[in-house]
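A.B. asks: Provided herewith is a single structure, encoded as structure tokens, for subsequent inquiry.
The values are calculated or read from the model by the stated rules, or taken from the named source; none is laboratory data. Please read these numbers as outputs of a predicted model, since none were measured by experiment. With ideal geometry, Cβ positions are generated from the backbone for all residues, glycine too; neighbour counts draw on all protein chains shown. These area figures cover heavy atoms from the full protein model, side chains too; ligands, DNA and RNA do not enter into them. Shrake-Rupley method; radii C 1.70, N 1.55, O 1.52, S 1.80 Å.
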Protein chains: 2
Amino acid sequence: MSKVPYRIYLSESEMPKQWYNLRADMKEQHDPYLHPATFKPVGLDDMKAIFCEELCYQEMNTTDRFIDIPEELQEFYKMFRPSPVVRAYNLEKVLGTPAKIYYKFEGNNTSGSHKLNSAAAQVYYAKKQGIKRLTTETGAGQWGTALSMACAHFGLDLTVYMVKVSYEQKPFRKGVMQTFGAKIIPSPSDTTEVGRAILKEHPGTGGSLGCAISEAVEAALKTPDCRYVLGSVLNQVLLHQSVIGLEAKAALEKVDEYPDIIIGSAGGGSNLVGLVAPFMMDTLNGTRKNTEFIAVEPASCPSLTRGRYAYDYCDTGHVTPLARMYTLGSNFIPSANHAGGLRYHGMSPAISKLYHDGYIKAVAVEQTKVFEAAVTFAKAETILPAPESAHAVRVAIDEALKCRESGEAKTILFGLSGTGFFDLNAYTSYLEGTMSDYIPTDEDLEKGFATLPKVE
Amino acid sequence: MSKVPYRIYLSESEMPKQWYNLRADMKEQHDPYLHPATFKPVGLDDMKAIFCEELCYQEMNTTDRFIDIPEELQEFYKMFRPSPVVRAYNLEKVLGTPAKIYYKFEGNNTSGSHKLNSAAAQVYYAKKQGIKRLTTETGAGQWGTALSMACAHFGLDLTVYMVKVSYEQKPFRKGVMQTFGAKIIPSPSDTTEVGRAILKEHPGTGGSLGCAISEAVEAALKTPDCRYVLGSVLNQVLLHQSVIGLEAKAALEKVDEYPDIIIGSAGGGSNLVGLVAPFMMDTLNGTRKNTEFIAVEPASCPSLTRGRYAYDYCDTGHVTPLARMYTLGSNFIPSANHAGGLRYHGMSPAISKLYHDGYIKAVAVEQTKVFEAAVTFAKAETILPAPESAHAVRVAIDEALKCRESGEAKTILFGLSGTGFFDLNAYTSYLEGTMSDYIPTDEDLEKGFATLPKVE
């Protein structure tokens, strides 16, 4: 019989009552956001037109290490949190590794992912401010679903601009958002100026995340009592997602474990930072040394491993502020990788900074290798991972196999951020052998870099 | 702040180590199974050709109240159990009811339902006996998925006969079973005599559960080292599913609760008995009085509320033994209700007996009312119920609303047996107003009853 249980749950009373703000411990901050028209640093007032007020303060907060989670929001969290840390005994057995593999599983809610953590927070603050309606974009659909659920709970209207190709390929995602009362518009659409301009230029386009962001922001600015909300990239989202790591750390403490390696998939970065932040705190403060932090991204959209560290727009339509980040260029169109949540040209400025300063490593993996790992994991652990999460699974397995070679019994923690219930087309394509890997050439990347704005 | 937590989890060490065999406490047993050729009671040897040996003993066991869960199986359970009992605070608030509503949530595993409890048990015993491959049928796909997962874990081959209409409408279900390594055959197929005969008579048929059972049984009998397994109806399945109720009872004891009303949806009956068995024990033994047990079935397939208590075949092809049960006739074709898991002409003989003897009530509900309840529940509690489970949600809400009228603070427990991730077509149909209710006429039922076998 095993000493450490398969699933380590905190009790309700042990759940975090504060978020952890990693930026308060960072030695240096990322460069300021810039206004898209003037390239001057964005002020709070500029931001408040787009985002809810309290979220703007959180976005700029580099001093408070811990920020209270409002009680009403704690109550909401209790419907689906705490989420378990799982010891992957069966995966260890299948791999024949001496490594101890743990994963934090965030997929056990109807949104199917960690996105609900920030969705609920953002809707809560919007409601508190008297905002009546929200707009957002969604690609893979996890964020849109999470936000629909939160809006249904707190009683706000929601319009989701869904990347057209996903809208058509994922009718079930549309269905679940509609069940929770959201209005779904395929993007690009004729409901915004940005959308109409893009449709005119590219009549048959399937859209992109960058384009859907532009439309959602424009719609929010033009609608009374409305704000825009975003599911990743921003510091506010990273803050909310810190509940993942806080719970993981507390759960591992219960079994006297501290990870040697922490692995998270990274699209915009919220899942990765959410998991690693409270452990990174120990590294930044010098209380722990030699913890490895690994960001995993798709080889088809390699912003960290092959991107430029430069100022860029966060969207295709160039209506959002610029951020200094690792980017492939806001006009880079990633190939039709099945991990829609990782198909973003940029990366959270905070992660970009940490990566630039050497605190985080990055690995890019090909999707057939990712699905191979996903199927191995599913068969061993009975959970079907989301393609996004499977990127982390791939690298966790690779690290565990290295341990088999070296004989080291390292403790590995990775983030299983979501489930693959809406991604069976991708699994079927993998099983049938029709899935291909696409790796952009240097020339492809140069085309993206050529669109980077010239910021002094 | 609430005293009772939202989600009540047992610790791993509190998980049941034995199943509870309700039949050992029943005053009278259901009538024996009969051989389909001779109408004579079926002996152990007849059953062993179809089912695994240990499962045959469990099927016939009316004396052992508790049966050990093998250790290796307990380990498997730990990957997805214990499942929580949830206090539906938000649903209570939305309904404005003084009732205390609890639900046992069995959907947080990749099969999406409680089916994995028995799937794992059956595959475990098959492996122990040296069986190499299994056959089964699946309708909605929850059972097929669960069995695929268990077979992947224990290393057995699996062939699933999937009702053709589901095979075509639910490619994602097919995809997830294939991911776990199962072979899926749309039924009726040309791989069995029964299938060929049905295809000849009804060339364009979309199949039925009863027909898929016939094919799976035939295939098992003709394949070396192969057995057939079934996901509901049988006593062995009811036994395995008792973990649901055992956990629920232990969790409620932790918060000093005992339900006044226990509600479960009933197709074949495994979910219902799984939940109610340990509470029914108290009623049968006289230690508790006045507990209400309610079985919920679709108005379109009302085997308990409008069926006959009679001997009938368990399948359409008449290759399985006969059971005395509430039935609509093995040739009754239920309408295209979206709750595929409840579209079965019969009902577990044990439940039929308990219902016949007045221990259980039954309610039939129309599917538009079911989906109305499902959407209310989803918005309040953030979980998207399976259409099958939503039948129980409907009646739980109705009982809670009665409490609002009467002012009674009853304690209601219902089984949320699964999630609706693969049922978004149904939700969309409900939201778009294209869902209809079908209630069979007395004439429709008479046609079904006319096919009942003449057993002396």
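A.B. asks: Can you tell me the order of A:392-404, A:263-275, A:104-116 when each peptide is scored by its average per-residue count of other Cβ atoms within 10 angstrom, highest first? Provide the component values of the computation, followed by the final result.
C.D. replies: On the way: A:392-404: 23.2, A:263-275: 31.5, A:104-116: 26.9.
Final packing ranking: A:263-275, A:104-116, A:392-404.
A.B. asks: How would you classify region B:150-207 from its alpha-carbon gyration tensor, with a ≥ b ≥ c the square roots of the eigenvalues: rounded for a/c under 1.5, else prolate if a/b is greater than b/c, otherwise oblate?
C.D. replies: Details: a/c = 4.49, a/b = 1.75, b/c = 2.56.
Since a/c reaches 1.5 but b/c is at least a/b, the shape of region B:150-207 is classed as oblate.
A.B. asks: On to the next question. How do A:PHE371, A:PHE66 stack up against each other in accessible area, from largest to smallest, with a 1.4 angstrom probe? Spell out each step's value before the answer.
C.D. replies: On the way: A:PHE371 5, A:PHE66 85 Å².
Per-residue accessible area, sorted high to low, gives A:PHE66, A:PHE371.
A.B. asks: With every protein chain in place, what's the accessible area of A:LEU199 (1.4 Å probe, Å², nearest 10)?
C.D. replies: Roughly 50 Å² of A:LEU199 is accessible to a 1.4 Å probe.
A.B. asks: Considering only the other residues whose Cβ falls under 12 Å of the Cβ of B:CYS226, what net charge follows from Lys and Arg at +1 and Asp and Glu at -1? Mind dumping the intermediate values first?
C.D. replies: Details: positive: B:LYS132, B:ARG133, B:LYS222, B:ARG227; negative: B:ASP157, B:GLU218, B:ASP225.
Surrounding charge for B:CYS226 is +1.
A.B. asks: Within the accessible area of region B:306-456, what % is carbon and sulfur when the probe is 1.4 Å and the other protein chains stay in place? Can you show the working numbers first?
C.D. replies: Details: 2610 of 5420 Å².
Whole-percent figure for carbon plus sulfur exposure: 48.
A.B. asks: Report the one residue of B:MET79, B:TYR309, B:LEU234 whose Cα lies farthest in the direction of the positive end of the charge dipole of chain B (charges on C-beta: Lys and Arg +1, Asp and Glu -1; origin at the Cα centre).
C.D. replies: It is B:MET79, whose Cα lies furthest towards the positive end.
A.B. asks: Report, as an integer, the average count of C-beta atoms from other chains found within 10 Å of each Cβ along B:80-93.
C.D. replies: Mean partner shielding for this stretch: 2.
A.B. asks: Taking the Cα centre of region B:223-358 as origin, sum charge times position over the Cβ atoms of Lys and Arg (+1) and Asp and Glu (-1), and report the length of that vector in debye to the nearest 20. If you can, show how the numbers build up before the last one.
C.D. replies: Numbers: 10 positive and 12 negative charges, 72 e Å.
Taking the Cα centre of region B:223-358 as origin, the dipole is about 340 debye.
A.B. asks: Can you list, shortest first and in nm, the gaps between the label point of A:GLU14 and those of its counterparts in the other copies, using a point 7 Å from Cα in the C-beta direction?
C.D. replies: Its label point is 1.3 nm from the equivalent points in the other copies.
A.B. asks: Cβ under 13 Å from B:ASP442's Cβ, B:ASP442 left aside: what net charge do those residues give with Lys, Arg +1 and Asp, Glu -1? Walk me through the intermediate numbers first.
C.D. replies: Details: positive: B:ARG306, B:ARG308, B:LYS447; negative: B:GLU443, B:ASP444, B:GLU446.
Result for the neighbourhood of B:ASP442: 0.
A.B. asks: Looking only at other chains, what is the average number of their beta-carbon atoms within 10 angstrom of each beta-carbon in A:35-43? Present the calculation step by step, with values, prior to reporting the outcome.
C.D. replies: Values: counts 0, 0, 0, 0, 0, 0, 0, 0, 0.
Averaged over the peptide's residues, the number is 0.
A.B. asks: Shortest first and in nm to one decimal, what separations exist between B:ILE439 and its copies in the other chains, measuring from label points 7 Å along the Cα-to-beta-carbon line?
C.D. replies: Nearest first, the other copies' label points are 6.5 nm away.
A.B. asks: Suppose we keep just the DSSP beta bridges with both residues in chain A; what percent of those would be antiparallel, to 5?
C.D. replies: Details: 18 of 51 bridges.
Here the share of antiparallel DSSP bridges comes out near 35 percent.
A.B. asks: Ordering A:ILE412, A:ILE198 by how much accessible area each has at a 1.4 Å probe, largest first, what is the list? Provide the component values of the computation, followed by the final result.
C.D. replies: Numbers: A:ILE412 0, A:ILE198 30 Å².
Reading off the accessible areas and sorting them downward yields A:ILE198, A:ILE412.
A.B. asks: Lys and Arg at +1, Asp and Glu at -1: add these up for the other residues within a Cβ distance under 15 Å of B:GLU399 and post the number. Don't skip to the end; give the middle numbers.
C.D. replies: On the way: positive: B:LYS100, B:LYS361, B:LYS369, B:ARG394, B:LYS402, B:ARG404, B:LYS410; negative: B:GLU92, B:ASP260, B:GLU292, B:ASP398, B:GLU405, B:GLU408.
Here the charged neighbours net out to +1.
A.B. asks: Hey, another quick one. Can you list, shortest first in nanometers, how far B:PHE39 lies from the same residue in the other copies, with each label 7 Å from Cα toward Cβ?
C.D. replies: For B:PHE39, the other copies' label points sit at 9.3 nm, shortest first.
A.B. asks: Moving on. Rounded, prolate or oblate: pick one for region B:315-440, where a ≥ b ≥ c are the square roots of the eigenvalues of its C-alpha gyration tensor, a/c under 1.5 means rounded, and failing that, prolate if a/b is larger than b/c, else oblate. Before the final figure, lay out the partial values.
C.D. replies: Working: a/c = 2.19, a/b = 1.27, b/c = 1.72.
Cα axes put region B:315-440 in the oblate bin.
A.B. asks: May I ask you to find the residues of region B:165-190 that are shielded by at least 50 Å² of accessible area once the whole protein assembly is considered instead of their isolated chain (probe 1.4 Å)?
C.D. replies: Correct list: B:PHE172, B:THR179, B:PHE180.
A.B. asks: Ok, one more. In debye to the nearest 20, how big a dipole does region B:266-323 give about its Cα centre with +1 on each Lys and Arg Cβ and -1 on each Asp and Glu Cβ?
C.D. replies: Details: 4 positive and 5 negative charges, 36 e Å.
Here the size comes out at about 180 debye.
A.B. asks: What size of dipole, in debye to the nearest 20, comes out for region A:374-456 about its Cα centre when the only charges are +1 on Lys and Arg C-beta atoms and -1 on Asp and Glu C-beta atoms? Please report the intermediate quantities before stating the final value.
C.D. replies: Details: 7 positive and 14 negative charges, 71 e Å.
For region A:374-456, the charge dipole is close to 340 debye.
A.B. asks: Please calculate how many Å² of accessible area chain A carries per residue, with a 1.4 Å probe and no DNA, RNA or ligand atoms counted.
C.D. replies: On the way: 15470 Å² over 456 residues.
That works out to 34 Å² per residue.
A.B. asks: Then there is this: Which order do the peptides A:283-294, A:343-354 come out in when sorted by mean C-beta neighbours inside 10 angstrom, highest first? Please list the in-between numbers first.
C.D. replies: Numbers: A:283-294: 13.8, A:343-354: 25.9.
Taking the mean over residues of other Cβ atoms within 10 Å, the ranking is A:343-354, A:283-294.
A.B. asks: From the residues B:ALA152, A:LEU401, A:TRP19, which one has its Cα farthest along the dipole of the protein assembly as shown in the positive direction, the dipole being from +1 and -1 charges on Cβ of Lys/Arg and Asp/Glu about the Cα centre?
C.D. replies: A:TRP19
A.B. asks: Which shape class, rounded, prolate or oblate, goes with chain B when its Cα gyration tensor gives a ≥ b ≥ c as root eigenvalues, a/c under 1.5 marks rounded, and past that a/b bigger than b/c marks prolate?
C.D. replies: Numbers: a/c = 1.42, a/b = 1.28, b/c = 1.11.
Note, shape of chain B comes out rounded.
A.B. asks: Note down the accessible area of A:ASP45, probe 1.4 Å, to the nearest 10 Å².
C.D. replies: 120
A.B. asks: Provide the percentage of antiparallel DSSP beta bridges, counting only those with both residues in the protein assembly as shown; round to the nearest 5.
C.D. replies: Values: 36 of 102 bridges.
Counting only bridges with both partners in the protein assembly as shown, antiparallel ones make up about 35 percent.
A.B. asks: Using only protein heavy atoms and a 1.4 Å probe, how much accessible area in total is buried between A and B, to the nearest 100 Å²? It would help to have the intermediate numbers written out before the result.
C.D. replies: Details: alone 17650 and 17670 Å², together 30950 Å².
Counting both chains, the buried surface is close to 4400 Å².
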